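Worksheet: one structure, shown below.
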Amino acid sequence: MIAYLERFIHENDSESRPNDDEKDQLPNICHSLDLQGTIDCVATGLAGKDFGGMYTCEPLALIRPASPDDVARVVRAAYRSPNLTVAARGNGHSINGQAMSDRGLVMDMRSTEGNHFEVVRMNGETFVDVSGGALWEDVLKRCVLEHKLAPRSWTDYLGLTVGGTLSNAGVSGQAFRFGPQTSNVAELDVVTGKGQLMTCNKNENSELFFGALGGLGQFGIVTRARVVVQSAPDMVRWIRVVYSEFEDFTRDAEWLVTRPEGESFDYVEGFVFVNSVDDPANGWPTVPLDPDQGFDPSRVPRTAGSVLYCLEAALHYQKTDHPSTVDKAVNSLLGRLGFIEDMKFQVDVSYVEFLLRVKHAEESARENGTWDAPHPWLNMFVSKRDVADFDRVVFKRMLKEGVGGPILVYPLLRSK
């Protein structure tokens, strides 16, 4: 995740404000929809911005659908109109205004989050049916606490909707093992661009299924997903180790993600940070996992450059596992790695707490006001062949003083 800001572009307020003719048409449109949910034509501020914070607009109305049928009715109205547009908004975490509709209708999909939740067992596999408007953090809590199950693949931040991440990819530290979230779905209910509610999977309406997964919302709106789940662990050994050389960092990370299942960590990520104590957002303070842990700069080689690298890993285990068993598994893996001596940080946390780790960062950012700052984030895939040059030019030169936010870098397998 490379954060880089060129400039902010805000549309002129007078240009984005709905005109009188459009507002006059709204009562007729709303009446014709005949929704079970609600239509808000006044308090639309929420729908006029997103997490990216680089664009704003003013929609005609904010619709809170009560069911997939409501979603279909709204899309059909837009399909029949020569100029009416509609956008599905999950938790508003788009970066470039994708969750907004200038002078159009915005559907708050969060209002449908309670429509589906059912554990399904078929053909020897276990799934959970969830609403496209449900937050992944709520899916996590219900699956683990009620059924001791959990999806296999996650995102780092779980305050996102199921339909939102499945319309993109859903990539995190488990993707090297199970692929992105889009590879862990067996079936979808999708409202198409013509307002048809269709069930699809790899055998039934397969073009729609594979088009909607990762389709950026351009092939339909996901209202239900059947997600693969597995038994949930109780605990996680969460580890960070520090490197001064990019070559050592990538070698070890690649070794971990190419190990067979059961012979590596369950989660592997990493990030670049500034070799400085003065940067609380990008420097040494971002590495320790516990307030009682300190970053000892005397351990960093004098030959280290302007940036350092942190490999982050996690091992799942049960409360019934003996501590020595966990220690042995962790130490056998860490013993093969070439990180800086004594630059290891680790904590044991519950599985749910680990997956909600970014939630704590959100709470802190909301308190200090940085959560509402613009987030011009960028995700990209770089080939193994070019990643050393990318480090030399981008990390060590362009971003050597940080970006005021996370710079994540970790390996994924092309086969996944």
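Table for the structure above
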read-out	value
Paramagnetic label zone (point 7 Å from Cα along Cα-to-C-beta, Asn96; backbone N under 14 Å) in the stretch 350-380	376-380
Surface accessible to a 1.4 Å probe, His360 within the full protein complex, Å²	100 Å²
Local net charge near Val300, Cβ-Cβ under 15 Å (Lys/Arg +1, Asp/Glu -1)	-3
Partners for Lys148 among lysines (Cα-Cα distance below 25 Å; same-chain residues under 8 apart left out)	Lys319, Lys359
Accessible-area order (highest first, 1.4 angstrom probe) of the listed residues Asp102, Asp70	Asp102, Asp70
q = 0.16, 0.26 Å⁻¹, the stretch 21-111: log10 I(q)/I(0) [Debye, one scatterer per Cα]	-0.56, -1.43
Computed [θ] at 222 nm, helices only, for the chain once each DSSP H run of length n ≥ 4 contributes -39500 (n - 2.57)	-7000 deg cm²/dmol
Cα-based reach from Lys49 at 15 Å (exclusive), listing aspartates and glutamates while leaving out same-chain residues under 8 positions away	Glu11, Asp13, Glu58, Asp102, Asp108, Asp372
Residue-span extension gain [Ser183 to Asp290] - 0.36 nm each, minus C-alpha spacing	35.2 nm
For the chain, convex hull volume per residue from C-alpha positions, Å³	157 Å³
FRET E, pair Ser364, Asn123, Förster distance 56 Å, beta-carbon r, rounded to 0.05	0.80
Candidate aspartates and glutamates for bridging to Lys194, where Cα separation is under 16 Å - those fewer than 8 sequence places away on the same chain excluded	Asp69, Asp70, Glu207
For the stretch 282-293, Karplus couplings with θ = phi - 60° (6.51, -1.76, 1.60), whole Hz, Gly/Pro x	9, x, 3, x, 7, 8, x, 9, 9, x, 7, 8
Average Cα contact separation per residue, the chain, under 8 Å, 6 or more apart, as relative contact order %	18 percent
Long-range amide H partners of Glu58 with built H, under 5 Å	Arg103
Solvent exposure ordering (accessible area, 1.4 Å, most first) of Ser298, Ser206, Ser131	Ser298, Ser206, Ser131
Two-site FRET efficiency, Lys344 against Ser32, from Cβ-Cβ distance with R₀ of 60 Å, rounded to 0.05	0.45
The stretch 199-279, accessible surface, carbon-and-sulfur percent (1.4 angstrom probe)	44 percent
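The values are calculated or read from the model by the stated rules, or taken from the named source; none is laboratory data. Please read all numbers here as calculations on a predicted model, not as lab measurements. As a convention, Cβ positions derive from the backbone with ideal geometry for all residues, glycine included, and neighbour counts pool all protein chains shown. Areas reflect the complete protein model, heavy atoms only, side chains present, ligands, DNA and RNA absent. Shrake-Rupley method; radii C 1.70, N 1.55, O 1.52, S 1.80 Å.
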